[in-house]
Every structure is written in C-alpha cells, then in structure tokens.
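Right, one structure below, let's go through it.
The values are calculated or read from the model by the stated rules, or taken from the named source; none is laboratory data. If you're wondering where the values come from, they're calculated on a predicted model, not measured in any experiment. Neighbour counts are summed over all protein chains in view; Cβ atoms, including those assigned to glycine, are modelled from backbone coordinates with ideal geometry.
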Amino acid sequence: MTTDLNGAAWAPAQRDDDLLLGPGVEPVGGTRPAAVHDIDLSDPLPTIAGIAADGRRVLQAWMLVRLFTEPIGTVLVDVPLKGLRPADVGRIIDHELGTTVQPQLSALGLDTLPIDGITTDTEPAFLARRREVLATAPHITVVICTREHPEELRNCLDSLLAQNYPAFRVLVVDNAPTSDATKEVVEAAAARGHVDYLCEPAPGLSFARNTAVKAAPGEILAWIDDDERADVNWLAEVARALADHPDADVISGVIVPAELETQAQLWFEQFGGHSKGRGFKPDVFSPATAHKQSPLYPLPPFGTGANMTFRPGVIERIGGFDVALGAGTPAMGSEDTLAFTQVLVGGGTIVYQPSAVTHHYHRRDLAGLEKQMVGYGAGLTAAYTSLVLSRPGLLWPLIKLAPTALRDLTGSDSLRVSTLQDDFPRELLKANRKGMLAGPRAYLKGRRAARARARSDS
C-alpha cells in the first residue's frame, strides 16, 4: 500500500476474481493487453472499462496525460475487471505524475486534481503561446513517403487534413509503386485539401526522401510515416519550436502508440517504443551540449524519422539522405539516425519538442516485431559505417565510446534492458544484436547497389 501526494492510501489495481460485478460481466472475447487513453486533465476524467466493447478483458490502460492539450507524461496501470472510476484515474495519475502535475495545479490555484475538469478565467500560457505562433505561422510542407499501404496512408492523410494549422500542404511520395492504389488515395484527399503526388521509381526510403527534398526547395519539411496519425496540433507545436528556437536546424517530436491491441505492440513499448525514454521534457542538442550528450552515442535523444522537421537547406547541407540506408535497402533503416548525427557533428542544432505528437500503429505480430528489431540493429551499425567512411576522423572517438555501448547492451540497468518485463521475449534482443553484427556488411552491399543504379541511370 502506498499513498498519493495528498496522503491518501492507494494501491495499484489488481486483477482479482472478487472484482466481478455480477452475472453477465465476465469477458467473452479473450483479452486485450492494453487500451490506449488520451486524457486531458482540463476535461472531466474518464471511466476506464475493464471489458472492451467487443467483450475482451482489458488487462492494462496506457494513458497519455495532458493539461490544456500539453503532454506531461504517460502511465501504464493494471485495470480491474470492474474498471477504473474517474476518482481512481485521478489517484493513479497523481501517484505516477504528481511531481509534474502538482506545480501546474498550484499555479492554477488548485490543491488537488479535480475529477470534473478544470476551468480558469485566464488563458493558460501554453495555449496563449500557441495562439501567438499560429498568428504568424510559417508555411510547412508535410512529407509522407509510402509504398503500397493505401489504407494506412488514407488514415494518415485524414489526420493531416484535420490539422489546427493555417498554412501547409502535404506531399506524398509513392516509392516504386506496383499499383495505382496510392495515387488514387492521394487524388481523393486532394479534393479536401492541398495534397500533392510524386512518384519515385527507385525503391528505397532514402530515394523517396531525396525526391521530396528536390521537389520542395526552400521549404520547411515535416516528415511523418504512413502508419501514423498526427495529433491535431502537431504542426502548431512544430511551429512553436521553430519560433522559440530560431537557431534550430531540426525539430524532433514525440511518437506515442496509437493502439496496444497485441502483446507484440506492448513488448515494443517495453523496449522503448519510438520515444526511447525521451520523456516529455523539451531539450536542445548542439555543440554547446556535446559535453552532456555526445552527438555520436547514445543516439535516442535526438529523435526519429517518423516525426522530424528540417528547416530549408539543412538536408541539402548534409548531402541528402544516404541512399544505402533506410527501408528497402539491406541495412533496413537509420537514414534518419545518420541525418541527425550529421547535423550535430556539422555544428547544427536539434530541438526535441515533446508537445509535437504523432501516434504510431506498431507491428501487431511477433514475426513483424522480430524483423523490426533486426532492422534497428542493422540500421544502427550501418549508419555508423556510413559515418566513418565519410568522416574517418570519427573512428577513434567511436572506439572510445565502444565500452559504454557494450555496457548498455548487456547491463541490467541500461535504458533498454531496465524497462523490459519478465514476459519480454529474449530472442528479440538476440535479433537486435544479430542485426548489429550484419549492419556494416549490409551497408556496403547497399552502397554498391546504389552506385550501380546511379551508373545505369546516367
């Protein structure tokens, strides 16, 4: 038994049979690992059901907690069969996030978290600043690189066309298509907003990314993947970061799960998901912070390609995305990782803006997750191979960082391993390390293929 910040006794919910409410409430459709909830403390707190609408038993609740739309943290908690009442939800949030929430409540003149929402006579500072930014919003081009995922693309475009932002267009790059499905989705979306279509015949994500860069010279480029949906204020928060950090070359946002319907999706979150332990505290990475965070390792603080924004000219300055990296190459990924690192080692600045939120649909099955873990490992060491080949002087600094990297891979208290639960399949860690060993060779193979293609096209 523990207490919350108000001194009240509280214990995490238990999955006990004695929580049955009576006949007819038993789950009839199996289990659901976790239900995802987006909770704003300024609204009345919700009731969280222990049984989903489809009859499945909901085992856990994953909550993205906000205040006046600003994300402040996440909570994962067990859900009893009878569910959680609003008061239960409030106590859990207070217990898990109280050190963050309480100062903000105090600023509003509140001692405790009300379950029926928060009203205020003055506009919260967070919302006031957003309104100021939107008044002079810069034009942004949102880029989606996709290949034969029409349904996912349609959902992503729906979220973009609903943005609370006045000046943007969407550019969809169809990478090595085998059908007209993507083009048809784009044409339908174009009837509702400014959505443009481009085709890049060369297979590979980096080819598609570079095609977008060439098609939008001098434009701010915000990147999102087709298996995501954007928070309604995503672009507004990207613009906030650009306005608040005029020296920023890159803005990186936070990526949260859109669903946790399967155990594989929950395991991916255990491994770090796309957020990689970044949390919801804004941060700045530049030459001035290199003594605290090396631009070479560890890489997670910088962001990921599924939610990143580049100012005009920055991608061109680093030579574009490496076409031997990314989805569709033997390396399978990390063209974004290399780009972030190149920006930093070139003296640039990356701003982490956790209020710029996108929601990702993780791979649902274990086979897909295992492939992803191999790709993460291969892409990481492939990116380092590319970096050393282009900047040989970085080899020695990387060698000096190797012992730290080894401890992070094997140590029980490392960022990755310490978050894993007992049910996490250890073969996934082996798959990740297998990919790391294959990465350098995969990069060289991809580079030879890219050069051969360039010669054939010339």
field: Residue list for the range 119-133, restricted to those being over 25 Å from the mean Cα position of the chain (by Cα) and either surrounded by 11 or more Cβ atoms within 10 Å (Cβ to Cβ) or at pLDDT 95 or above (or both)
entry: T120, E123, P124, A125, A128, E132
message: Can you go through S456, S386 and tell me which one is farther than 15 Å from A331 by Cβ and either surrounded by 13 or more Cβ atoms within 10 Å (Cβ to Cβ) or out of contact with any His (no Cβ under 8 Å at 6 or more places or on another chain) (or both)?
response: S456
message: Where the second residue is crowded, with 24+ Cβ neighbours inside 10 Å and among the basic types (K, R) and the first is in contact (Cβ under 8 Å) with a residue 60 or more places away in the chain and farther than 16 Å from D226 by Cα and lies in the range 305-334, which pairs have Cβ atoms under 6 Å and are six or more apart or on separate chains?
response: F321/R209
message: Here is a list: V345, V323. Which entry is surrounded by fewer than 22 Cβ atoms within 10 Å (Cβ to Cβ), under 26 Å from F207 (Cβ atoms) and not charged (D, E, K, R)?
response: V345
query: If a residue has to be part of a strand (DSSP E or B), more than 20 Å from the chain's Cα centre (by Cα) and not hydrophobic (A, V, I, L, M, F, W, C) to count, how many in the range 138-178 make the cut?
result: 3
message: So, D116, is that one without any contact (Cβ under 8 Å) to a residue 24 or more places away in the chain, surrounded by fewer than 16 Cβ atoms within 10 Å (Cβ to Cβ) and over 24 Å from the mean Cα position of the chain (by Cα) or not?
response: no
query: Is it the case that R426 is within 23 Å of the chain's Cα centre (by Cα), at pLDDT below 95, farther than 24 Å from F321 by Cβ and basic (K, R)?
result: no
message: I'd like the full set of residues that are of a type in the set (V, I, T), within 14 Å of the chain's Cα centre (by Cα) and at pLDDT 95 or above, limited to the range 256-305.
response: V256
task: Would you check if L338 is touching an Asp or Glu at 6+ places or on another chain (Cβ under 6 Å), in a helix (DSSP H, G or I) and either farther than 24 Å from E148 by Cα or touching a residue at least 40 places away in the same chain (Cβ under 8 Å) (or both)?
output: yes
query: Of the residues in the range 62-105, how many are closer than 19 Å to R32 by Cβ, touching a residue at least 24 places away in the same chain (Cβ under 8 Å) and in a strand (DSSP E or B)?
result: 8
query: Quick one: what pairs do we get from the range 197-221, first residue under 15 Å from A449 (Cβ atoms), second basic (K, R) and surrounded by 19 or more Cβ atoms within 10 Å (Cβ to Cβ), C-beta under 9 Å, 6+ apart or different chains?
result: P203/R147; L205/R147
query: Among the residues of the range 159-191, which ones are of a type outside the set (V, I, T) and within 21 Å of L134 (Cα to Cα)?
result: S159, L160, L161, A162, Q163, N164, Y165, P166, A167, F168, R169
query: Looking at the range 209-237, which of its residues are under 17 Å from the mean Cα position of the chain (by Cα) and over 16 Å from V250 (Cα atoms)?
result: D225, D226, D227, E228, R229, A230, D231, V232, N233
- prompt: When only residues in the range 293-318 that are of a type in the set (A, V, I, L, M) and closer than 14 Å to D408 by Cβ count, which is surrounded by the fewest Cβ atoms within 10 Å (Cβ to Cβ)?
  reply: L296
- request: Looking only at the range 81-95, decide whether some residue is at pLDDT 95 or above, more than 24 Å from L110 (Cα to Cα), surrounded by fewer than 20 Cβ atoms within 10 Å (Cβ to Cβ) and out of contact with any strand residue (DSSP E or B) (no Cβ under 7 Å at 6 or more places or on another chain).
  value: yes
- prompt: Assuming T122 fulfils every condition listed in (1) assigned to a loop (DSSP other than H, G, I, E, B); (2) closer than 21 Å to H360 by Cα apart from one, which condition is it?
  reply: (2)
- prompt: Conditions: (1) out of contact with any helix residue (DSSP H, G or I) (no Cβ under 6 Å at 6 or more places or on another chain); (2) under 16 Å from G98 (Cα atoms); (3) modelled with pLDDT of 50 or more; (4) not aliphatic (A, V, I, L, M). T3 meets all but one. Number of the miss?
  reply: (3)
task: Scan the range 168-193 for residues that are farther than 24 Å from S386 by Cβ and either modelled with pLDDT under 95 or surrounded by 14 or more Cβ atoms within 10 Å (Cβ to Cβ) (or both) and report the count.
output: 15
field: Contacts under 7 angstrom Cβ, first residue in the range 269-292 being more than 22 Å from T99 (Cβ to Cβ), partner exposed (fewer than 13 other Cβ atoms within 10 Å of the Cβ) and modelled with pLDDT of 90 or more, 6 or more apart
entry: P287/G347
task: Find the helices (runs of 4 or more DSSP H) located wholly in the range 353-458 whose residues include 3 or more that are at negative phi, out of contact with any Pro (no Cβ under 6 Å at 6 or more places or on another chain) and of a type in the set (S, T, N, Q), and list them.
output: 366-390
statement: Those residues of the range 159-182 which are within 13 Å of W234 (Cβ to Cβ) and out of contact with any strand residue (DSSP E or B) (no Cβ under 6 Å at 6 or more places or on another chain) amount to L161, A162, Q163, N164, Y165
- prompt: Looking at the range 110-119, is at least one residue part of a loop (DSSP other than H, G, I, E, B), in contact with an Asp or Glu (Cβ under 7 Å, 6 or more places away or on another chain), within 30 Å of A49 (Cα to Cα) and not charged (D, E, K, R)?
  reply: yes
